[in-house]
Every structure is written in C-alpha cells, then in structure tokens.
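What follows is a set of notes on a single structure, which appears directly below.
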Amino acid sequence: MARITTSTGRRATQTRTGAESTKVLPADVRHLHRTLLLTHLYKSDPKSRADLARATGLTRVTVSDVVTDLLDRSLVREVGTRPGTRVGKPATLVTVDYESHAIVCLDLSRETEFRGAVTTLSGDIIHREALTLDEHKGDDALAKVITLAKKLITSTTSPVVGLGVGTPGIVSAEGVVRNAPNLGWRDLNLAEVLHRELGVPAYVANDADTAVLAESTFGAGDATGLMLVQIGHGVGAGILCDSHLLRGPEGTAGEIGHVRISDDNVPCSCGRTGCLEAYLAAPKLRARIEGCAPDQVARELTTAGQQLGRIIAPVTQALGIFDVALLGPEDLLTQEFLTATQEAVHATTSHFMDRDVVIRLSALGHDGVIHGAAAHVLAGELGLS
Ligand SMILES: [Zn+2]
C-alpha cells in the first residue's frame, strides 16, 4: 500500500497542528496501538490475540486491552475459534467488522454529473446516488455537492466514519480547493464547508490523487511507482513515487493537463491556449469525434493517444515509473487510444533493467475516484494506508 505523507482531512490536520510537542500522550499511544492492530487485521485472515501480539510485538495484555476497545467501537468482531486447536482453551479469532460502519464517497470529476456512493470499511459499494451537474458552477455546484452528500448519509443506518471527496483542480493538504476552473471554485475550503454542513470528518483531495491511491490500495497498481492519468472534466495525473503520493510544494504535482501541446489558439479552462486538457478533457475529446465515421474516430483517438504519450513519457522517465494506468470514459479510452499512447511513450523513453513503461487501463474502472475517496477516509480516520 502507498503512504499518504500529508493529511487531507480536517480532523487529522487539527490533530497534527495541535501535537507540536514531541511528548507522547497515553491517548496517542492507544491510538497508535489501535492503528497497528487494525493494519494487521485489515484484509487479512482472522487472527487470535496471541497472533496479534506475535505480529506486532505488543504484550498480550496490551493487545487484549486494545481488542476490547476495538470491540466496544464495533470496529472488530469475534468470529469463533480456530479449527484444529487441540490443546488448552481454543483461541477466539477476531476480524475487522467491515459492515459495522459506512464511508460516504463523492466523485466530482465527471463532466455531466456528480456521483456518490456509500461503501463498507472494505471499500465495497453498497449504495449509489448521482446528480446531474447541468453545467452549474460556483455556489450552485457546491449546493449540489452538499445535497448529494446528505442523500448518501441519510441512505445508511450505519455510523458514517467520514466523507471522502475527489474533485478536479488544485487542492491543498487541508482540503481547500485552490483552483478548479471547470467547477468555478477558487480558494473554497470544501473540507471545512462539508464538515460544518454534514457533521462528519471530511477529506477532500484532487481526483487523480484520489484515484491513484485507490489503484494501489484496492486495485493492481505498483505502489512503489505508479502514475494514474485521469481523463474526465479535466486532465490530470496522480503519482506515487517510492510509495509516496507526490504533491509538490504547492500541491500541483501531476497537473499535466496544462502543459501546452500546440500553438493553435484553442482556449483552455485555465485562460491560456493550446493546453493538453483543451484537446483531451472528455468533453473536448468527445467533440473531436462527434459525427465522424468509425475510421475517422479511430484516427482521431490515435492522434489523441499520441498527444498524451508525448507528455507523460518524460514524466515516467524522470521519476523512474514503469506502471501507468489510464482512468476515464470507456468509449474514449479505446484500444486505439491505448496503443497510440503506449507507442508514443516507447518512442521517447528508454527501457531500463529490461523493463518498459506499460500503459494500461485502471483496474478499478469508472469507480476509481470513489474507491480512492474511501481510501483517504480509511487512512485519515483509522490509520489504514
Ligand atoms: Zn490550461
């Protein structure tokens, strides 16, 4: 799994800023122990308290105390005893109680609608909602986000651990959307607004950063070096390098959509012209192929793949990344598009240690941002990352 080097949630940020002292308090120790045990139990076979003591190095008394605490919080549950135990009292096994709590996730990356889902603690989607965007921007778009989140929260009877949001644009580590021209948001403290309106911890991150985390947590990505290119309302990339999410000093790492690829005066949402996003954002790409015959569509998508490949090739080479996943509408990310991107990358990069950069579709399909939003909440609230 990848590590998030900065917290993206309101509560986590507050905790961090309030903990300048290096003194470790008992509550912090308990929290660390809870996180340690949950990490060992998450997505693994049920374990006994003795198993957990051996695996974590904690004493059996401490493990018993922490397991009792986790049972009280309904974060773990007992699932009987291990079969085949012959001597002494059989050890009771515990596992994460995945169904006990819900996570609410929003994907704001789509061109025509906001999508949302309720997931279990394992990231499984149990309920979906969507609201059409109707080209709303600014406060109107924000009102839609709040409406969608409220619908999702009221749809579940389980306690909600937190709300995760993947949005286009540049987002600070504190969940402030600094600039999202496609949604008309500038310096919008989305995490704060959602926390205030909904009363649950809110985690807001860039959509591509969110999706790349999902690809490594729930999908098939190489977490030590993975670039996920998101083609939706805009174009951006989330990058994991040496298992860390790259943010950059201003949180703009992966903003490949605004690299200029042409001297043509095609306007971009950022106010400049000729940006990659002006040609490859889903609405722009769809407009390029609208009304074309099938062979023309294939040619246009091949050209688009080449345009993308030329931009991502130097990034993969500079960072030493070999695994590139594309996430976007299935009707646009065709085999022609994928092949052209792959060939453009191969044409401009070298292979190292017999390894070439591989361009593939995201293993999570169109739910990548939703799953990533869940991963952010799990990391921020339960320390699972
Ligand atoms: Zn631009």
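The values are calculated or read from the model by the stated rules, or taken from the named source; none is laboratory data. Source: prediction; values computed, not measured. Quick reminder, even Gly has a Cβ in these numbers, built from the backbone with ideal geometry, and neighbours come from all protein chains shown.
A few comments on the model shown:
- Cβ separations smaller than 6 Å between residues 6+ apart or across chains give the following pairs from the range 267-294 residues that are without any contact (Cβ under 8 Å) to a residue 24 or more places away in the chain to residues that are within 15 Å of the ligand (Cβ to nearest atom) and of a type in the set (S, T, Y): P267/T273; G274/S262.
- If you go through the range 346-383 and pick out every residue that is assigned to a loop (DSSP other than H, G, I, E, B), at pLDDT below 85 and over 15 Å from E215 (Cα atoms), you end up with 6.
- Residue check for A191: surrounded by fewer than 21 Cβ atoms within 10 Å (Cβ to Cβ), among the aliphatic types (A, V, I, L, M) and under 19 Å from the mean Cα position of the chain (by Cα): no
- Check on G372, of a type in the set (G, A, S) and surrounded by 15 or more Cβ atoms within 10 Å (Cβ to Cβ): yes
- Checking each residue in the range 93-115 for being in a loop (DSSP other than H, G, I, E, B) and β-branched (V, I, T) picks out only T112.
- Of all the residues in the range 273-306, those that are within 16 Å of the ligand (Cβ to nearest atom), within 28 Å of the chain's Cα centre (by Cα) and surrounded by fewer than 17 Cβ atoms within 10 Å (Cβ to Cβ) number 1.
- Residue in the range 307-319 that is surrounded by 20 or more Cβ atoms within 10 Å (Cβ to Cβ), within 16 Å of the ligand (Cβ to nearest atom) and farther than 19 Å from G221 by Cβ present: yes
- Test result for I261, closer than 13 Å to V229 by Cα, within 16 Å of the ligand (Cβ to nearest atom) and not polar (S, T, N, Q): no
- For the range 62-77, the set of residues classified as farther than 9 Å from H33 by Cβ and in a helix (DSSP H, G or I) consists of S64, V67, T68, L70, L71, D72, listed by residue number.
Here is a yes/no grid of residues against (1) part of a loop (DSSP other than H, G, I, E, B); (2) more than 17 Å from V369 (Cβ to Cβ); (3) in contact with a helix residue (DSSP H, G or I) (Cβ under 6 Å, 6 or more places away or on another chain); (4) outside the structural domain of L327 (by TED's automatic domain parsing):
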position: A117; (1), (2), (3), (4): no, no, yes, yes
position: S122; (1), (2), (3), (4): yes, yes, no, yes
position: R128; (1), (2), (3), (4): no, no, no, yes
position: E135; (1), (2), (3), (4): yes, yes, no, yes
position: L142; (1), (2), (3), (4): no, yes, no, yes
position: V161; (1), (2), (3), (4): no, yes, yes, yes
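- Meets criteria (closer than 22 Å to S122 by Cα, polar (S, T, N, Q), surrounded by 21 or more Cβ atoms within 10 Å (Cβ to Cβ) and touching a residue at least 40 places away in the same chain (Cβ under 8 Å)) for S216: yes
- Filtered by the rule that a residue be part of a helix (DSSP H, G or I) and among the acidic types (D, E), the range 276-311 gives E277, D295, E300.
- Restricting attention to the range 93-115, the residues that are touching a helix residue (DSSP H, G or I) at 6+ places or on another chain (Cβ under 7 Å) and more than 21 Å from V200 (Cα to Cα) total 5.
- Residue within the range 245-256 that is touching a residue at least 12 places away in the same chain (Cβ under 8 Å), within 14 Å of the ligand (Cβ to nearest atom) and among the polar types (S, T, N, Q) present: yes
- Among the criteria (1) assigned to a loop (DSSP other than H, G, I, E, B); (2) within 14 Å of L121 (Cβ to Cβ), the one P83 does not fulfil is (2).
- On inspection, H195 qualifies as more than 16 Å from the ligand (Cβ to nearest atom) and not basic (K, R).
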